[in-house]
Amino acid sequence: MSTELHSIGVVGCGLMGSGIVEVCVRSGLSVVVREVSQPALHAGLGRLRTSLDKGLERGKLTADEHASALDRVRGTTELADLADCDWVIEAAVEDLAVKQATFRELDDLVGPETVLSSNTSSISITKIAAATSRADRVIGTHFFNPVPVMPLLELVRGLQTSDATYQAACALGERLGKTLVLCQKDAPGFIVNRLFIPYGLDAIRALDDGVATIEDFDTAMKLGMSHPMGPFTLMDFVGLDTMLFIADAMYDETKDPRYAAPPRLRQMVAAGWLGRKSGRGFYAYGR
């Protein structure tokens, strides 16, 4: 398998997808990004431009680099426009059926050597790959938000992922300037969420038990464990709806009570208290 890449396809131009597009074009790769509608595509490309503009203002990019990055992006609403891409990264909604349908369609569209990877944070790569005829060329490439800033890329091998695909993913990650970790087993939550989800849920349970205040939990973990954020600040940053979704997916897969969401989390999501993005979570944020 050749590791020489020229064109990357990205499925989805939301918060994660637009960030993935940005790190790809800033590394010199051409990108075709697909969204389901013109309004969604317009919003995603606008998010990309805003981020690149900030990079220019802060001196992270030169004017030439800024212009070249934008020139390397082409948006579309047609999945067929990704047919000639050397690699396709899926960054769509966290739903197994949606991902399998997308991978099944991509499998029929792209060349036989093209690798298909998913940005999923919790869904089995083996299950996603099962929708294709190239399970050996399917891998998890889990980026972290905000993608241009967060240095980590979590690689996840499915049961049938080949060594060649893994090596190619390593080469791509290094080109994008990421620090790589490998989840050697396609286990629910992979590495990061396998540790983070029970940590966050336990913090909520301890809060409900009256152990301490939200602020004191956060201060304790920042100053006592050298964490940059305490658990409640971090959950608000990630999004409580995202937290709940991943917890439910992991619980459904394992039936492990560590991943069972406390009622408080479910109630807050139902109320629309999703964290920073909604203006209220465990903390209130000015909007």
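The values are calculated or read from the model by the stated rules, or taken from the named source; none is laboratory data. Remember, it's a predicted structure, so these values are computed and weren't measured experimentally. For neighbour counting, all protein chains shown are included, and Cβ atoms are generated from backbone atoms with ideal geometry for every residue, glycine included.
What to note about this one:
- Looking across segment 103-126, the residues that are of a type in the set (Ser, Thr, Tyr) and under 21 Å from Pro188 (Cβ atoms) come down to Ser117, Ser118, Thr120, Ser121, Ser122, Ser124, Thr126.
- Hey, Gly75 part of a loop (DSSP other than H, G, I, E, B) and in contact (Cβ under 8 Å) with a residue 12 or more places away in the chain or not: no
- Test: residue in segment 192-205 that is out of contact with any Leu (no Cβ under 9 Å at 6 or more places or on another chain), more than 14 Å from Ser121 (Cβ to Cβ) and in the same structural domain as Gln100 (by TED's automatic domain parsing): no
- So Met250, is it over 23 Å from Asp209 (Cα atoms) and either touching a Gly at 6+ places or on another chain (Cβ under 6 Å) or among the hydrophobic types (A, V, I, L, M, F, W, C) (or both): yes
- Within segment 21-59, the set of residues being assigned to a loop (DSSP other than H, G, I, E, B) and in contact (Cβ under 8 Å) with a residue 24 or more places away in the chain comprises Ser27, Gly28, Leu29, Glu35, Val36, Ser37.
Every residue, every condition in (1) closer than 19 Å to Ser124 by Cβ; (2) in contact with a strand residue (DSSP E or B) (Cβ under 9 Å, 6 or more places away or on another chain); (3) crowded, with 18+ Cβ neighbours inside 10 Å, yes or no:
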residue: Asp186; (1), (2), (3): yes, yes, yes
residue: Asp218; (1), (2), (3): no, no, yes
residue: Lys222; (1), (2), (3): no, no, no
residue: Met235; (1), (2), (3): no, yes, yes
residue: Arg258; (1), (2), (3): yes, no, no
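- Residue list for segment 86-105, filter: crowded, with 19+ Cβ neighbours inside 10 Å and modelled with pLDDT under 95: Ala92
- Within the span defined as segment 194-215, one or more residues are modelled with pLDDT of 95 or more, part of a helix (DSSP H, G or I), within 30 Å of Gly55 (Cβ to Cβ) and not hydroxyl-bearing (Ser, Thr, Tyr).
- Within the set Lys185, Lys222, Lys178, Lys255, the sole residue that is under 25 Å from Phe143 (Cα atoms), of a type in the set (Lys, Arg) and more than 20 Å from the chain's Cα centre (by Cα) turns out to be Lys222.
- Number of positions in segment 182-193 that are in contact (Cβ under 8 Å) with a residue 60 or more places away in the chain, within 16 Å of Leu159 (Cα to Cα) and either assigned to a helix (DSSP H, G or I) or hydrophobic (A, V, I, L, M, F, W, C) (or both): 1
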